[in-house]
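The values are calculated or read from the model by the stated rules, or taken from the named source; none is laboratory data. Everything numeric in this text was worked out from a predicted model, so none of it was measured. Glycine also receives a Cβ, built like all others from the backbone with ideal geometry; neighbour counts cover every protein chain displayed. Note: areas computed on protein heavy atoms with side chains; ligands, DNA, RNA excluded. Shrake-Rupley method; radii C 1.70, N 1.55, O 1.52, S 1.80 Å.
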Amino acid sequence: MNIRDLARPEILSLQPYSSARSESAMAEVMLNANEAPWPPAGVPKAMQGRALNRYPDPQPADLLARLAELYSVDESRILVGRGSDEAIDLLVRCFCRPGVDAVAIMPPTFGMYAVCASVQGAARIEIPLDRNFHVDVDLLLKKLPGSVKLVFLCSPNNPTGTLTSHAVIERIAGSLVDRALVIVDEAYIEFAESPSVSVLLGRYENLGILRTLSKAWGLAGARVGCLLADVEVISLLRRIMPPYPLPTPSINAALGALHADGLATTRQRIGLIISERERMAAALVRLPSVIEVLPSKANFLCVRFVDAAQVQRSLQRSGIIVRDVGRHARLAGFLRISIGSREENSQLLEALVRLEVSG
Ligand code: PMP
């Protein structure tokens, strides 16, 4: 079986939109895309970068080349778009027939897999993480109905911070060859001190990996993320992707961050976040208001408090916001705390100590 056979038949038979930019290279006189002949008035030159009056390259060659180097995969296996959120949406729309197919998720986990499935009218099969918040492989392989086309596995998992081993991912991908795509969301992998599963890409054509520049690379506002997958999957998604997914200023920002200077500083910052995560975990677990801190391989900690609502309210009064993740089953009483700068983290600890003192 070919991986294409898993896609919705409508997508296979679709005549994709052919954009002006994809049909011809740049030329001296560009009269093929109904663009303005001048750069936009009133936008400072420094902000314009490449010609802002021109549509961007749908998959910018220089950005693809940098990402291929960064992730050690061939350019043909990369689809770059508006954050990894866009890739999640495209995957569900490409592979799940409304009312027929399903996605599998492993709660508690990132919410967008379920939201995209609902928007598409795809059923959601939930295979809860085990009591230590690890993937329950036996349960997953036993319970997975034939209707499941996509399995979303988040590693490190948001909001618990748990990392899934390559052996587990290999077992799942190997068992589901010809049946479903296994999508490993590695939004936080830079903080895990562990290699990406992209090293397995050549071995399993049903494996896909989500990467993003929003977290470790500090570019959440630029919205750049990608899917690493088999070339067939990439070409299927390109059939339904909007013609110009990446805005020119975002392309420029990503290229800047991935340049040698940006790279060195980012690597140093990742190290800082990891050491702050360990400092914070050790300090938090000593506080009487804290019941437990889940071991985390991401840039956040999932912390169970004696009274999470009160902690959240009083932190807010100190001008500090954290995320209540108590709406997830089995995370009642937990708050998710992002690791900030050393000063911000200390501010949070001081506010929690003040709360203890004032009772
Ligand atoms: N995956 C996970 C696990 C996330 O936590 C997030 C953002 N919170 C995303 C994907 C989406 O990231 P982006 O669209 O910014 O790349």
Checklist line | Residue ID - farthest from the ligand (Cβ to nearest atom), chosen from residues in the range 72-119 that are without any contact (Cβ under 8 Å) to a residue 12 or more places away in the chain and open to solvent by less than 60 Å² (accessible area, probe 1.4 Å) | finding: Ala114
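Give the residue that is farthest from Asn299 (Cα to Cα), with candidates limited to residues of the range 257-273 that are open to solvent by less than 70 Å² (accessible area, probe 1.4 Å) and among the hydrophobic types (A, V, I, L, M, F, W, C).
Start the filter on the range 257-273 by keeping residues that are open to solvent by less than 70 Å² (accessible area, probe 1.4 Å), which leaves 257-258, 260, 262-266, 270-271, 273.
Right, trim to among the hydrophobic types (A, V, I, L, M, F, W, C) and you get 257-258, 260, 263-264, 270, 273.
Numbers: Ala257: 19, Leu258: 20, Ala260: 23, Leu263: 18, Ala264: 19, Ile270: 9, Ile273: 7 Å.
By that ranking, first place goes to Ala260.
Among the residues of the range 136-166, how many are in a loop (DSSP other than H, G, I, E, B) and either within 12 Å of the ligand (Cβ to nearest atom) or hydroxyl-bearing (Ser, Thr, Tyr) (or both)? Break it down stepwise before answering.
First, pick out the residues of the range 136-166 that are in a loop (DSSP other than H, G, I, E, B): 136, 144-147, 155-165.
Still in the list and also either within 12 Å of the ligand (Cβ to nearest atom) or hydroxyl-bearing (Ser, Thr, Tyr) (or both): 147, 155-162, 164-165.
Result for the range 136-166: 11.
Of the residues that make up the range 207-228, is at least one at pLDDT 95 or above, more than 16 Å from the ligand (Cβ to nearest atom), out of contact with any Phe, Trp or Tyr (no Cβ under 9 Å at 6 or more places or on another chain) and open to solvent by 20 Å² or more (accessible area, probe 1.4 Å)? Working first, answer last.
Going through the range 207-228, the residues at pLDDT 95 or above turn out to be 207-228.
Next cut, more than 16 Å from the ligand (Cβ to nearest atom) only: 207.
Retained after the next criterion (residues that are out of contact with any Phe, Trp or Tyr (no Cβ under 9 Å at 6 or more places or on another chain)): 207.
From what is left, the residues that are open to solvent by 20 Å² or more (accessible area, probe 1.4 Å) are none.
No: the range 207-228 contains no residue that is at pLDDT 95 or above, more than 16 Å from the ligand (Cβ to nearest atom), out of contact with any Phe, Trp or Tyr (no Cβ under 9 Å at 6 or more places or on another chain) and open to solvent by 20 Å² or more (accessible area, probe 1.4 Å).
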Checklist line | Arg203 vs. criteria within 13 Å of the ligand (Cβ to nearest atom), in the same structural domain as Ser155 (by TED's automatic domain parsing) and either open to solvent by 20 Å² or more (accessible area, probe 1.4 Å) or not in a loop (DSSP other than H, G, I, E, B) (or both) | finding: no
Check: Residue check: is Ile127 away from the ligand (no atom under 16 Å from the Cβ) and within 22 Å of the chain's Cα centre (by Cα)?
Finding: yes
Check: Just checking, how many residues over the range 341-359 are of a type in the set (S, T, N, Q), in a helix (DSSP H, G or I) and modelled with pLDDT of 95 or more?
Finding: 3
Checklist line | Residue check for Arg336: in contact with a Pro (Cβ under 6 Å, 6 or more places away or on another chain) and either of a type in the set (D, E, K, R) or closer than 19 Å to Arg211 by Cβ (or both) | finding: yes
